[in-house]
Amino acid sequence: MLTSRPTEQGLFSLSMGSLQFQAARQIKTAIITLVGLVILGCSPKLDWRAVNTERLGYSALFPEKPKQAERTLPYAGLELQQTLEVTQIDDAIMSVTTIVVPSSINAQAGALLEQVQKAILQSANAIQTPPIKRPSQYLITGPSRSKGLAEDYLFEIQNPTGKRWMRVRWIMRPDGEGGSRIYQQSLLLLAPANAKAFQAELTAEKWDPFFDEFRVQ
């Protein structure tokens, strides 16, 4: 079971922060908040079920019904909509965060995506210790079952509460109305003591449903 609104706010901040103003500092603070999350009560097994978020143009498999939260992101003089869906199973947190970029600033969507990526990697000290990059794919809805190309970033996070491992994938897609949607798929794991094989843990077969069955319009 997840904690309530403070948890949602921490995950929001991890994914986005304020990218125009003091982005790195704000997201770094949010990472510390996120990785300090604890489990309350018993956790169910990985019982995958489809979650279809049609208004945001994607569907995903989660191991339990995710919690959802929304807020706005100040950027380029606008308030961009951002939505979080997140669930926690034992020592694993899975989340999908979506930013809706309107047509009026769609030309800046690529720059916004770069800021999101840079802020996350800098705050996780992944610049000093470069992340492992793995080519990946996501599904595109439609009868042809076509696929899009992406990259998964695998890295360790060092902080006062202990070591964490993270796998992140970013996807940007047109929304059909002249704008774009930026998706961030994340898996955060509590690292076992003295464990070094973080790449194997983050890419273990048990996480395949979450990553391999992610579909966008």
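The values are calculated or read from the model by the stated rules, or taken from the named source; none is laboratory data. These figures come from a predicted structure and were not determined experimentally. In this analysis, Cβ positions are derived from the backbone assuming ideal geometry, glycine residues included, and neighbour counts consider all displayed protein chains. The protein model used for the area step is the full one, side chains on, heavy atoms only, and it has no ligands, DNA or RNA in it. Shrake-Rupley method; radii C 1.70, N 1.55, O 1.52, S 1.80 Å.
Tell me, which residue of segment 171-217 that is more than 13 Å from the chain's Cα centre (by Cα) and hydroxyl-bearing (S, T, Y) is nearest to S95 (Cα to Cα)?
Checking each candidate, the answer is T203.
Within segment 100-118, is there a residue that is polar (S, T, N, Q), modelled with pLDDT of 95 or more and within 18 Å of T83 (Cβ to Cβ)?
No, there is no match, as no residue in segment 100-118 is polar (S, T, N, Q), modelled with pLDDT of 95 or more and within 18 Å of T83 (Cβ to Cβ).
Quick check: anything in segment 113-135 among the charged types (D, E, K, R), out of contact with any strand residue (DSSP E or B) (no Cβ under 9 Å at 6 or more places or on another chain) and at negative phi?
yes
Take the residues of segment 86-104 that are β-branched (V, I, T) and within 18 Å of D47 (Cα to Cα): which is nearest to the chain's Cα centre (by Cα)?
Across segment 86-104, the extreme among qualifying residues is V96.
Looking at E85, E64, which is the one that is in a loop (DSSP other than H, G, I, E, B) and either surrounded by 16 or more Cβ atoms within 10 Å (Cβ to Cβ) or among the basic types (K, R) (or both)? If you could, list the steps in order and put the result at the bottom.
Working: E85 fails: in a loop (DSSP other than H, G, I, E, B).
Of E85, E64, the one residue that is in a loop (DSSP other than H, G, I, E, B) and either surrounded by 16 or more Cβ atoms within 10 Å (Cβ to Cβ) or among the basic types (K, R) (or both) is E64.
Residues checked against (1) touching a strand residue (DSSP E or B) at 6+ places or on another chain (Cβ under 6 Å); (2) polar (S, T, N, Q); (3) open to solvent by 20 Å² or more (accessible area, probe 1.4 Å); (4) modelled with pLDDT of 95 or more:
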| residue | (1), (2), (3), (4) |
| --- | --- |
| R145 | no, no, yes, no |
| D152 | yes, no, no, yes |
| R164 | yes, no, yes, no |
| V168 | yes, no, no, yes |
| D175 | yes, no, yes, no |
| S180 | yes, yes, no, yes |
| L189 | yes, no, no, no |
| N194 | no, yes, yes, no |
| Q199 | yes, yes, yes, no |
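Any chance you could count how many residues in segment 52-61 are surrounded by fewer than 19 Cβ atoms within 10 Å (Cβ to Cβ) and either among the acidic types (D, E) or within 15 Å of S186 (Cβ to Cβ) (or both)?
Of the residues in segment 52-61, 2 are surrounded by fewer than 19 Cβ atoms within 10 Å (Cβ to Cβ) and either among the acidic types (D, E) or within 15 Å of S186 (Cβ to Cβ) (or both).
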